[in-house]
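Novice: I'd like to ask you about the structure that follows.
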Amino acid sequence: MRITVHCLGPAQRWFGVDELPLELPDTATVQTAIEQLLTLSPAYAETEPMLAYALDEQWADRRTPLHEGAVLALIPPISAG
Amino acid sequence: MERIHEGPLPWVELMASFAAQPAEGALASFAGLVRNHHQGRAVSGIRYHAHRGLAARELAAIESAIADQHGVRCALWHAVGDLAVGDCSVLVLVGSAHRAAAFAGCRDAIEAIKARLPIWKEERFADGSTAFVAGVPRAGLQKNG
């Protein structure tokens with residue numbers, strides 16, 4: 001399947017883009033995407049344990065299954081206010 | 001006005017529109033403003049980035065929770081985009097019959113915003129450089145979940 005990763009806030013700098021396409025197996029979960037992303041950015045790998053994730057505008061956990069065309073948003077540590 | 005607003009919040013107008021109800025004897029507010037310094041560096045402005053859909057839903061959920069927990073009226077807004085020093089970035093308004101609930105609801109609302117809202121500050125410094133503010137993991141994050 002093909003998904004789009006939405007790089008928010010500082011994640012834009014880690015990957016150098018706002019959006020990133022990923023090609024994943026049909027059985028992929030959020031964790032599968034994380035494992036592929038870890039190979040692309042040392043800065044992401046360093047911060048990853050502190051990230052949250054959203055799938056198609058809903059909060060997701062690492063076991064959430066992905067689907068063709070899904071949009072996975074990376075939610076780095078937040079600084080609202 | 002949308003809870004997630006492009007540009008500085010018109011906080012005076014928003015406070016006026018939240019006009020006190022006859023049964024309310026207290027209106028508590030918190031306005032977050034862009035300051036001109038951070039950790040010893042001169043700041044000229046902040047760009048606010050957001051997951052707009054989730055941020056708007058989180059604000060709505062916080063409003064409801066504060067209203068239920070404290071028995072108050074609550075309205076919340078957060079700015080996105082480019083703000084200058086002195087601009088209003090976040091506004092909490094709480095109306096209540098008495099001051100104790102208004103103050104408590106106001107405090108709990110801004111703390112929930114800072115713990116839960118998927119928004120990121122990118123500071124612009126006087127020398128022209130920019131940097132994201134070091135954030136905190138979102139409240140409720142399940143590392144192995």
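The values are calculated or read from the model by the stated rules, or taken from the named source; none is laboratory data. Since we're looking at a predicted model, the values are computed, not measured. Methodologically, a virtual Cβ is constructed for each residue, glycine included, from the backbone with ideal geometry; neighbour enumeration extends over all protein chains shown.
Novice: Kindly indicate which of B:68, B:127, B:108 is in contact with a helix residue (DSSP H, G or I) (Cβ under 9 Å, 6 or more places away or on another chain) and of a type in the set (Asp, Glu). Lay out the reasoning, then the answer.
Specialist: Values: B:68 fails: in contact with a helix residue (DSSP H, G or I) (Cβ under 9 Å, 6 or more places away or on another chain); B:127 fails: in contact with a helix residue (DSSP H, G or I) (Cβ under 9 Å, 6 or more places away or on another chain).
Only one candidate qualifies: B:108.
Novice: Would you confirm whether or not segment B:125-135 contains a residue that is among the acidic types (Asp, Glu), more than 10 Å from every other protein chain (Cβ to nearest Cβ) and not in a loop (DSSP other than H, G, I, E, B)? Full working, then the answer.
Specialist: If we filter segment B:125-135 for residues that are among the acidic types (Asp, Glu), which is where we start, we get B:127.
Among the residues that remain, those that are also more than 10 Å from every other protein chain (Cβ to nearest Cβ) are: B:127.
In the following step, the residues that additionally are not in a loop (DSSP other than H, G, I, E, B) were identified as none.
Checked against the condition, which is being among the acidic types (Asp, Glu), more than 10 Å from every other protein chain (Cβ to nearest Cβ) and not in a loop (DSSP other than H, G, I, E, B), segment B:125-135 yields no hits at all.
Novice: Give the number of residues within segment B:34-51 that are away from chain A (no Cβ under 14 Å), touching a residue at least 60 places away in the same chain (Cβ under 8 Å) and in contact with a Gly (Cβ under 9 Å, 6 or more places away or on another chain).
Specialist: Restricting attention to segment B:34-51, the residues satisfying the condition of being away from chain A (no Cβ under 14 Å) are B:36-37, B:40-42, B:44-45.
Narrowing the set further to residues that are touching a residue at least 60 places away in the same chain (Cβ under 8 Å) leaves B:41-42, B:44-45.
Okay, now just the ones that are also in contact with a Gly (Cβ under 9 Å, 6 or more places away or on another chain), so B:44.
Of the residues in that region, 1 qualify.
Novice: Sort out which residues of segment A:49-69 are more than 10 Å from chain B (Cβ to nearest Cβ) and closer than 19 Å to residue B:139 by Cα, and write them in order of number.
Specialist: A:55
Novice: Specify which of the listed residues (A:27, A:47, A:32) is at pLDDT 95 or above, closer than 19 Å to residue B:133 by Cα and among the hydroxyl-bearing types (Ser, Thr, Tyr). Spell out the reasoning first.
Specialist: Working: A:27 fails: closer than 19 Å to residue B:133 by Cα; A:32 fails: closer than 19 Å to residue B:133 by Cα.
The match here is A:47.
Novice: Restricting to strands (runs of 3 or more DSSP E) lying wholly in segment B:3-114: which have 1 or more residues that are touching a Leu at 6+ places or on another chain (Cβ under 6 Å)?
Specialist: Working: elements: B:4-6, B:26-33, B:41-50, B:73-84, B:88-96.
The qualifying strands (runs of 3 or more DSSP E) are B:26-33, B:41-50, B:73-84, B:88-96.
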